[in-house]
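Bear in mind these aren't lab numbers, they're just calculated from the coordinates by the rules spelled out. For clarity, every value in this text was computed on a predicted model and none was experimentally measured. Every residue, glycine among them, receives a Cβ derived from its backbone with ideal geometry; neighbour counts consider all protein chains shown.
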There are 2 protein chains.
Amino acid sequence: MSKLETAQKIEQAFERTGVRRTPQRFFVLERLLTKPDHATVEELWAALNRRHARASRATVYNTLHALVQAGLVREFTLDGKAARYDANLERHHHFVCDSCGAVEDVNWFDVPQLEGNESEKRSIRSYEVTLRGKCAKCHSNN
Amino acid sequence: MSKLETAQKIEQAFERTGVRRTPQRFFVLERLLTKPDHATVEELWAALNRRHARASRATVYNTLHALVQAGLVREFTLDGKAARYDANLERHHHFVCDSCGAVEDVNWFDVPQLEGNESEKRSIRSYEVTLRGKCAKCHSNN
DNA sequence: CTGCTAACTTAGACATAGTTCTAATTTAAG
DNA sequence: CTTAAATTAGAACTATGTCTAAGTTAGCAG
């Protein structure tokens, strides 16, 4: 997607959901859309400051809450660390690199055994596979 | 498994791994073995105090670290909260109840698609499925 | 275009949960 | 009995997230 297209997509998303457009919010959503690395608040704040020097952490938190509220971004956590944010709204799984900690999306696939097998008296609303190993980058670097 | 059998199993585990036997450690491991609810430190500490009133939190941390070190217990986290501990060393998946937060073990099953499909340039060391929904108890209570 | 105002942003203090540390005391096990 | 190792209470630390009060701005009404 070109930069222009992304910008239009963001504008539309803001308009559609009634989220007020500010430079900070635009930047955060743009960053999440174009670099799907599941950034933490800390990372987003650092990135934001490279452009809009003097952004407040609170703004990043507020922005992310607004985006989550609006359904434009999903929040999740991994291994007890800080919350991570994902603008990929498609169903997907996650891969976590043991060496560098990178989190990558993995295309969705069903886990068919689930239905018959394990759902005795519970009802399953959703599930997700978390894969762990060594990412492509860490492989070539060693 | 009877209480006696469990006790013997614990004794043997301590002896085999060279973990010194203390009442606190015995209690913690016993609790993890007999009640596989993936307790947190806080929960274990509360349980311990019901018996050995005046146990220190630090002891629970020390104990768990020793048990993890010895390979008798596994540590994991879920949803960015406190670490949870599991004496079930078999491979298994987890189910998390949306309503009450309970964490239950789910018997292991393979996810066959993984091999061919997604492991392009990364290597996958392990994976786990996390299921979410409503547990049996919460179902009957509502 | 201009001015208005509710909403947003800012800096930094504050809050909190989880965990680790410390120094004195007690204990397991040879 | 001895002593290295474990336990204790509570202080201290760390990371993450929330709050506050003052200043700024988006977006609309006129």
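The radius of gyration of the Cα set in the protein assembly as shown, together with its Dmax, comes out at 22.4, 70 angstrom.
Once each of the trypsin sites (Lys or Arg not before Pro) sitting in a DSSP loop with at most 13 other beta-carbon atoms within 10 Å is removed, chain A keeps A:22-53 as its longest stretch. Using just the C-alpha positions of the range A:1-122 as equal point scatterers, what log10 of I(q)/I(0) does the Debye formula give at each q in 0.23 1/Å? Values, matching the q order: -1.42.
The chymotrypsin sites (Phe, Trp or Tyr not before Pro) found in the range A:1-57 include none that occupy coil by DSSP while having at most 16 further C-beta atoms within 10 Å. Springs between alpha-carbon atoms under 10 Å, Gaussian network over chain A: tell me which of A:112, A:36, A:23 tops the mean-square fluctuations. It is A:112. Taking θ as phi - 60° and the Karplus parameters 6.51, -1.76 and 1.60, the scalar couplings of the range A:84-92 work out to 10, 10, 9, 8, 7, 8, 5, 4, 7 Hz in sequence order, x denoting glycine and proline. Scanning residues 5 or more positions from residue A:102 or on other chains, those with amide H under 5 Å from its amide H are A:97, with H placed 1.01 Å from N in the peptide plane. For chain A, leaving out every one of the GluC sites (Glu not before Pro) that falls in a DSSP loop and has at most 15 other Cβ atoms within 10 Å, the longest unbroken run is A:1-89. Projecting 7 Å from Cα along the Cα-to-Cβ direction, the label point of residue A:1 sits 5.2 nm from its equivalents in the other copies, listed shortest first. Here residue A:126 yields copy-to-copy label distances, from shortest upward, of 2.4 nm, the label point defined as 7 Å from Cα along Cα to C-beta.
In deg cm²/dmol, rounded to 500, what helix-only [θ] at 222 nm does the protein assembly as shown give when every DSSP H run of at least 4 residues adds -39500 (n - 2.57) and the total is split over its residues?
Using -39500 (n - 2.57) per qualifying helix, the result is -12500 deg cm²/dmol.
Sequentially through the range A:11-28, phi angles give Karplus couplings (6.51, -1.76, 1.60; θ = phi - 60°) of 3, 4, 4, 4, 5, 4, 9, x, 7, 5, 8, 10, x, 5, 5, 4, 4, 4 Hz, Gly and Pro residues having no value and appearing as x. A point 7 Å from Cα along Cα→Cβ stands in for residue B:30, and the other copies hold the same point at 6.3 nm, listed in rising order. With Cα atoms as the point set, the range A:50-142 shows a radius of gyration and Dmax of 17.2, 54 Å.
Taking the empirical scaling 2.2 N^0.38 Å for compact globular proteins as reference, the range B:19-87 has a Cα radius of gyration ratio of 1.00. Across chain A, C-alpha contacts under 8 Å between residues 6 or more apart give a mean separation that, scaled by the residue count, equals a relative contact order of 19 percent.
Couplings for the range A:95-104, taken from phi via the Karplus curve 6.51 cos²θ - 1.76 cosθ + 1.60 with θ = phi - 60°, read 10, 10, 7, 5, 7, 10, x, 4, 10, 10 Hz in order; Gly and Pro are left as x.
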